[in-house]
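Step one of this worksheet: look at the structure below.
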Amino acid sequence: MVMEKPSAQLVGREFVRQYYTLLNQAPDYLHRFYGKNSSYVHGGLDNNGKPVEAVYGQSEIHKKVLTLNFRDCHTKIRHVDAHATLNEGVVVQVMGELSNDMQPMRKFMQTFVLAPEGTVANKFYVHNDVFRYQDEVFGDSDSEPPEGDGGKHALTS
């Protein structure tokens, strides 16, 4: 009997359920979703006001996740989009609110690219992960464009 390939929407929703459940219950194990070539960005600006750099590989992602001090995280998922992408992958965008360590809820957007894991049917790992709090991106409406940009390279839709 041949297993039918699940839809991208089904893969995305199930992944989101598993990922945010683990974020709440055992965040120190989040790195297990990632592989040796994965990339991970979490946040907007570092303590010096510069854009947060990506980290690469499961080991570095694990170290980064530990520095984020996730404790008693609660998430309200408002919307999930998932679409098939190149090489049998799935791109997933999550919009919601997150509370860490009893702090107030903050709106966020997180985008994952899930890639097939080897030859195992219907098994994926996170190849790319970009997380942004909306208040860090859209904080002040009077904010200046990035230095040296002059606003010429702003993306609009």
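Quickly estimate the mean residue ellipticity at 222 nm for the chain, helices only: each DSSP H run with n ≥ 4 gives -39500 (n - 2.57), and the total goes over all residues, rounded to 500. The partial results should precede the final answer.
Details: 3 runs with 33 residues, N = 157.
The helix-only estimate for the chain comes to -6500 deg cm²/dmol at 222 nm.
Within 10 Å of each candidate Cβ there may be at most 13 other Cβ atoms; applying that plus a DSSP loop requirement, which GluC sites (Glu not before Pro) in the range 1-90 survive?
Numbers: sites: 4, 14, 53, 60, 88; in loops: 4, 53.
Sparse-neighbourhood loop GluC sites (Glu not before Pro): 4, 53.
Calculate how steeply helix 8-25 sits against the longest principal axis of the alpha-carbon atoms of the chain, using the helix alpha-carbon long axis, and give the answer as 0 to 90 degrees to the nearest 10.
70 degrees
If each residue's Cβ is checked for other Cβ atoms within 10 Å, how do 61, 77 rank with the fewest at the top?
If I rank by nearby Cβ atoms, fewest first, I get 77, 61.
Quick check: pseudo-label points 7 Å beyond the Cα along Cα→Cβ at residue 88 and residue 120, how many nm apart are they?
1.3 nm
Which one, (i) 57; (ii) 63; (iii) 66, gives percent of Cα pairs over 18 Å apart as derived from the coordinates shown?
Of the listed options (i) 57; (ii) 63; (iii) 66, (ii) comes from this structure.
For the pair residue 54 and residue 5, how long in nm is the line joining their label points, each one 7 Å along Cα→Cβ?
Spacing of the two 7 Å Cα→Cβ label points: 2.5 nm.
Mind checking the angle between helix 58-67 and the chain's longest principal axis? C-alpha axes, 0 to 90 degrees, to the nearest 10.
Approximately 50 degrees, to the nearest ten.
Where a number appears in this text, it was derived from the coordinates with a stated rule and is not lab data. Bear in mind the structure is a predicted one, so any value in this text is a computation, not a measurement. Cβ atoms come from the backbone with ideal geometry, glycine included; neighbour counts cover every protein chain shown.
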